[in-house]
Structures are given as structure tokens and as C-alpha cells.
Amino acid sequence: MAKLYFYYASMNAGKSATLLQADFNYNERGMRTMLWTAKLDDRSEMRGDGHAIESRIGLHAGAHRFSAETDLLERVQETHAVEPLSCILIDEAQFLTEEQVWQCADIADKANIPVLCYGLRTDFRGQLFPGSAVLLGIADTLVELKAVCHCGRKASMNLRVDAEGRAVSEGPQEEIGGNDRYVALCRRHFSEALGR
Ligand SMILES: [Zn+2]
């Protein structure tokens, strides 16, 4: 019975690296995978190197890109019918819609293919992303990946900063300005930075 997994964390916990390691493990055994990432994450596109999924420690891979309109179940079934897939890996899973998370559940339950989702738990205000909220609700297995705050505690929060490094508390949830626009902090230092 295939499962739906959610690996969640703050920024800089190594989500993409963990995804790419899992992908490598499948491929090493000759098993075919399908990689996805969010269309709005254009960090790699801007650099023009063509790697959709890229980790800070240098691992990278190409990937399909989902938008809110992408039917993940249909796309997976089409590919799976031509050549069987052993695993679906989804980066930036916080940007999945509620319907897409349920499609991921169907991929596991009906197509019997494990789905591994990797994403941020909360945004720069400490609020759940829509995709993460549904994944936390219905995934079979939840795994927390840990980043470290400057104080040594687990960094579970994502502080957004401006060009001068000042904390930002307003703005759209989906703005991705690259890793330098966010600082992973423990909850105490996140609250202090926002003057709560
Ligand atoms: Zn701290």
C-alpha cells in the first residue's frame, strides 16, 4: 500500500537535498521517478541553468512544474501508463492546492505509487500555507526536517527580510525572493524580530 508523505520544515533545512537524495536512491535501483516543483519558483530559471530543483549543497535535477491548474493525477497516470513509475517527488509542496493534495492521495491510494512531498510548513507570518495545511491533515507520514537558529534551537519559522535585512511583516504569501530574503529562526527569535 503506497503512502503519501509530507516532509516539512523551515527554509534552509535541506528539503531539496533530501528530495534529490531520495530520488537518487530510487534511480540507483533502476526505478523510475517523476519530479515536480512549483512554477512560481523561478530561482533556477532566472539563472538560466535549467535545473528546476536545486539544493544549496550543489545537487540538482530537472523537474516538471505545477501551477494551480495542473492535474497531477492525470499527468502521473499518463506517464505511468507508458512506463511504470515507482515514486513521485514534489518540491515546494506548500504551493499545492487543496485539490492537488487530494490528487496526491489518489496517486498513492488508487495508482499505488508513493508520493513524497517536501515543503515549508508556515509563511513569514507564521501562518500555514494552503498546501501544507492539507498535507498536515491527510498525509500518512509526517517528517520534520530541521534547520538550526543562530541560538542553536530548532529553526521552525521563516522570517522575511528586506534588502537591508530588516524584518518584514506585510506582503503576499507567495513571494519567493530567494534564500537571502528569508532567515530561518526559532519561534522566540522570530517573535522578537517582529516585535511581538
Ligand atoms: Zn533562536
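The antiparallel fraction among DSSP beta bridges confined to the chain stands at about 35%. Helices in the chain that qualify as membrane-span-like (whole DSSP H runs, Cα extent of at least 27 Å along the helix axis, mean Kyte-Doolittle hydropathy of -1.0 or higher) do not occur. Ordering 102, 168, 113 by the projection of their Cα atoms onto the charge dipole of the range 70-191, which places +1 on the Cβ of Lys and Arg and -1 on the Cβ of Asp and Glu, puts 168 at the extreme positive end.
Please give me, ordered by residue number, the GluC sites (Glu not before Pro) of the range 102-196 that lie in loop per DSSP and have at most 14 other Cβ atoms within 10 Å.
Values: sites: 144, 164, 170, 174, 175, 192; in loops: 164, 170, 174, 175.
When the GluC sites (Glu not before Pro) of the range 102-196 are filtered for loop state and at most 14 Cβ neighbours within 10 Å, 164, 170, 174, 175 remain.
Rolling a 1.4 Å probe over the protein heavy atoms leaves residue 156 with an accessible area of roughly 20 Å².
About its Cα centre, what dipole magnitude does the chain give when the only charges are +1 on Lys and Arg Cβ and -1 on Asp and Glu Cβ, stated in debye to the nearest 20? Before the final figure, lay out the partial values.
On the way: 22 positive and 28 negative charges, 195 e Å.
Here the chain has a charge dipole of around 940 debye.
In this structure residue 153 has an accessible area near 110 Å², from a 1.4 Å probe over the protein heavy atoms. Each of 135, 88, 21 was scored by the projection of its Cα onto the charge dipole of the range 4-146, and the greatest displacement toward the positive side belongs to 21; charges sit on the C-beta of Lys, Arg, Asp and Glu.
Whole number in Å², please: accessible area per residue of the chain, 1.4 Å probe, ligands, DNA and RNA not counted.
Numbers: 9860 Å² over 196 residues.
Accessible area per residue, the chain: 50 Å².
Among rounded, prolate and oblate, which fits the range 4-146 when a ≥ b ≥ c are the square roots of the eigenvalues of its C-alpha gyration tensor, a/c under 1.5 means rounded, and a/b larger than b/c means prolate?
Verdict is rounded for the range 4-146.
Just the protein heavy atoms count here, and of the accessible area of the chain at 1.4 Å, carbon and sulfur take up 48 percent.
Remark on residue 7: its backbone amide H falls under 5 Å from those of 117, 118, 119, 143, a criterion applied only to residues 5 or more positions apart or on other chains, H modelled at 1.01 Å from N.
The values are calculated or read from the model by the stated rules, or taken from the named source; none is laboratory data. Not measured: the values here are computed from a predicted model. Using ideal geometry, Cβ is built from the backbone for each residue, glycine included, and neighbour counts are taken over all protein chains shown. Remember, those area values only see protein heavy atoms, side chains included, never the ligands or the DNA or RNA. Shrake-Rupley method; radii C 1.70, N 1.55, O 1.52, S 1.80 Å.
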